[in-house]
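Asker: Below: one structure in structure tokens.
The values are calculated or read from the model by the stated rules, or taken from the named source; none is laboratory data. Every value quoted in this text rests on a predicted model; they were computed, and no experiment measured them. Using ideal geometry, Cβ is built from the backbone for each residue, glycine included, and neighbour counts are taken over all protein chains shown.
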2 protein chains.
Amino acid sequence: MPRLAVSAIPPDSVAMAIHHDHDHDVSSGAALVAAAELALVTSGEQWTSMRAAVFAALSGFDRPASAYDVTEAVSQAQGRRVAANSVYRILDLFVANNIATRVESANAYIANAHPGCQHDCIFLVCDACGRAAHVDDDQLSARIRETAAATGFRPEKPVVEVRGRCAACG
Amino acid sequence: MPRLAVSAIPPDSVAMAIHHDHDHDVSSGAALVAAAELALVTSGEQWTSMRAAVFAALSGFDRPASAYDVTEAVSQAQGRRVAANSVYRILDLFVANNIATRVESANAYIANAHPGCQHDCIFLVCDACGRAAHVDDDQLSARIRETAAATGFRPEKPVVEVRGRCAACG
DNA sequence: CAGCATGATGTGATAATATATCAGGATGCC
DNA sequence: GGCATCCTGATATATTATCACATCATGCTG
């Protein structure tokens, strides 16, 4: 499978790279899980079976998934009812450690395809199919931060999510 | 009161204009309400007393307000219980007609200080005080749309909300 | 004017998303 | 093993959002 800078979704049908000139360990499947585990452990967090299950469920979706979607998927996988609040806790932890991202405009979460690499994320969210493509454009992100900073604002976390129609949905 | 391109909040303590070289009818108070009414009526929508009440309540907040905040404020003002779903309907209408904007990362709404003028909005949302400054930077917005379009995505509505700390909160 | 069409609002229910609290269990460390 | 700490489960509740349908207001039309 080709390694590309834009983790479009579905994960195996990526098409193009944009303003992204450095290499990542873009991962999927087992490699992605391993990378996530490494990132979390490196931060001094535990990689428990529940966390593994949540991450597996999250990365199994081909589009941003709500906490309840993930809860349902984990429940299925475990053959028992898991509580939503546990999933929330874990998703929050994932977001804090950059192995997942929250898509604010969709109240949903998506696994980060390249944990360990810090970027301001730009998501292209399709209003038709719900899928989200992830674009890194450090130059553009920098412009956004600069623009904010120019007003005396101290930017912490830019939320850039372009709603629209993906190529497939026209 | 000075007319400025950046509608910082609180509304009477604006400080700077950025990449914004055209004039607006930036409005506040009664003038803002009149501008909103005009914008709505021009679109063929009615300006009912309920809509006026919702707009007044919304523009009375000095920061993005949740639909329930607005519901509460309108209820107070009217001396009766108004239903949240009515408020949602009206806020949706406002957003559709560009006299209010939804701040996705805060699940909240904010009155548009210059209805009738189309921009992609950029909000600087303070995580400490909850206030949001509104920046227009057409050049930056264009870059964002271009970046999205370059992937075959058709951008409809960019959501750009920079979370961080405002100058006042350091 | 009566009747009707249309759009706005009210009512009531419910769904979806998110957080709080606290007890008990697992884990790591010594 | 024992202790401290972190993690999870259970339960409750808060917040945000939507739906279906009844009612009301307004203006048009015959």
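Asker: It is to be established whether one or more residues within region B:92-107 are touching a helix residue (DSSP H, G or I) at 6+ places or on another chain (Cβ under 6 Å), over 22 Å from A:Thr147 (Cα atoms), at pLDDT 95 or above and among the hydroxyl-bearing types (Ser, Thr, Tyr).
Answerer: Within region B:92-107, not a single residue is touching a helix residue (DSSP H, G or I) at 6+ places or on another chain (Cβ under 6 Å), over 22 Å from A:Thr147 (Cα atoms), at pLDDT 95 or above and among the hydroxyl-bearing types (Ser, Thr, Tyr).
Asker: Take the residues of region A:56-102 that are buried (at least 19 other Cβ atoms within 10 Å of the Cβ), among the hydroxyl-bearing types (Ser, Thr, Tyr) and more than 14 Å from every other protein chain (Cβ to nearest Cβ): which is farthest from DNA strand D (Cβ to nearest atom)?
Answerer: Ranking the qualifying residues of region A:56-102, first place goes to A:Ser59.
Asker: Take the conditions within 14 Å of chain B (Cβ to nearest Cβ) and either aromatic (Phe, Trp, Tyr) or surrounded by fewer than 23 Cβ atoms within 10 Å (Cβ to Cβ) (or both) and apply them to A:Gln118. Does it pass?
Answerer: no
Asker: How do the pairs read when you match residues in region A:69-97 that are within 12 Å of A:Val54 (Cα to Cα) with residues anywhere that are more than 12 Å from DNA strand C (Cβ to nearest atom) and charged (D, E, K, R), using Cβ under 8 Å and keeping only pairs 6 or more apart or on different chains?
Answerer: As it stands, the answer is A:Ser75/A:Arg81, since those pairs meet every condition given.
Asker: Determine whether region A:36-47 contains at least one residue that is within 11 Å of DNA strand D (Cβ to nearest atom) and among the polar types (S, T, N, Q).
Answerer: In the first step, residues of region A:36-47 are kept if they are within 11 Å of DNA strand D (Cβ to nearest atom); the result is A:40-41, A:43-47.
Still in the list and also among the polar types (S, T, N, Q): A:43, A:46.
Looking through region A:36-47, at least one residue is within 11 Å of DNA strand D (Cβ to nearest atom) and among the polar types (S, T, N, Q).
Asker: Here's something else I'd like to know. For region A:76-109: of the residues being near DNA strand C (Cβ under 8 Å from one of its atoms) and among the polar types (S, T, N, Q), which is nearest to the chain's Cα centre (by Cα)?
Answerer: Once the filter is applied, the top-ranked residue is A:Asn107.
Asker: Name every residue in region A:53-75 that is farther than 21 Å from A:Ala31 by Cα and near DNA strand C (Cβ under 10 Å from one of its atoms), in order of residue number.
Answerer: Residues satisfying the conditions are A:Ser66, A:Ala67, A:Tyr68, A:Asp69, A:Thr71, A:Glu72.
Asker: Write out, first by first residue and then by second, each pair whose Cβ atoms fall under 9 Å of each other, whose residues are 6+ apart or on separate chains, and whose first residue, in region A:22-39, is surrounded by 13 or more Cβ atoms within 10 Å (Cβ to Cβ) while the second is at pLDDT below 90 and among the basic types (Lys, Arg).
Answerer: A:His24/A:Arg3; A:Asp25/A:Arg3; A:Val26/A:Arg3
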